[in-house]
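Below you'll find the structure, written out as structure tokens, and then a few comments.
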């Protein structure tokens, strides 16, 4: 959408467009995060049992993903706290 088209939108339409764009950015960030977690955890945990994960690998994957998500949550909290200052 070019600036002229954006200027022709009502304030409500502009707000709706901004919300939609924010949602799309958040969705892309979530997709990227899931891909990163999967790549890192598979690289760390998988590979010794062939095409399926054995119990040790499954446990490793679960712990890896939990740690990654916990870390991302703490980083986001810290960034939000800094923005509020």
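The values are calculated or read from the model by the stated rules, or taken from the named source; none is laboratory data. No experiment lies behind these values; they were computed from the predicted model shown. Heads up, the Cβs are rebuilt from the backbone with ideal geometry, glycines too, and the neighbour counts pull from every protein chain shown.
Numbers below:
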item	result
Tally of residues being closer than 30 Å to residue 6 by Cβ, out of contact with any helix residue (DSSP H, G or I) (no Cβ under 8 Å at 6 or more places or on another chain) and at pLDDT below 90 across region 30-56	1
Total residues in region 13-41, condition farther than 20 Å from residue 69 by Cα and either touching a residue at least 24 places away in the same chain (Cβ under 8 Å) or over 28 Å from the mean Cα position of the chain (by Cα) (or both)	0
Complete set of residues in region 1-54 that are loosely packed, with under 10 Cβ neighbours inside 10 Å and not in a loop (DSSP other than H, G, I, E, B)	3, 4, 5, 7, 11, 12
